[in-house]
Amino acid sequence: MEAGSFSTALVSAMADDAWQGARSRIVAVLRRCRPEAATPVSQTLAEQRTRLLEIPSASRFQAEDELHRHWQTYFLDLVQADPVAAHALSDALVTADRQQVKNIHQVGNAHESGRVYIAGSDQISTALSDHQT
């Protein structure tokens, strides 16, 4: 994983149920790599999450983009200064991503010559009606 992936995983976790675990793992990494930064970063993360959740989910794109840029820069500085931190962050955030896995059941019906496009995360499925071959 690289700094952009770390920041994406972090910002995604901010609005998710896996947040507490992700935050705890990131702070644990900082306690090992940058002990002086662990408490201030923990507080900053909590404040940013609170502000993010106050924004309606449909309007969060800009705020999430700003957070992504902020944390990408932070993680880039961190891993450049301490390459071991990159492995620790990767382990911490990959674990967070795995905890976010959810089962989603979607049904789409296409009639006659219609098509149904169903998007789930980064995958799009196309269903043709039973009448088409």
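State, to one decimal in nm, how far the label point of residue 36 lies from the label point of residue 2, with both points 7 Å from Cα in the Cβ direction.
2.9 nm
Take every Cα pair under 8 Å in the range 7-61 that's 6+ residues apart, average their separations, divide by the length, and report that relative contact order as a whole percent.
Relative contact order of the range 7-61: 32 percent.
Quote the relative contact order of the range 4-103 in percent (integer), defining contacts as alpha-carbon pairs under 8 Å separated by 6+ residues.
51 percent
Just so you know, all these numbers are worked out from the coordinates, no wet-lab data involved. Worth saying up front: this structure is predicted, and the values here are computed from it rather than measured. Here Cβ is always computed from backbone atoms with ideal geometry, including for glycine, and neighbour counts include all displayed protein chains.
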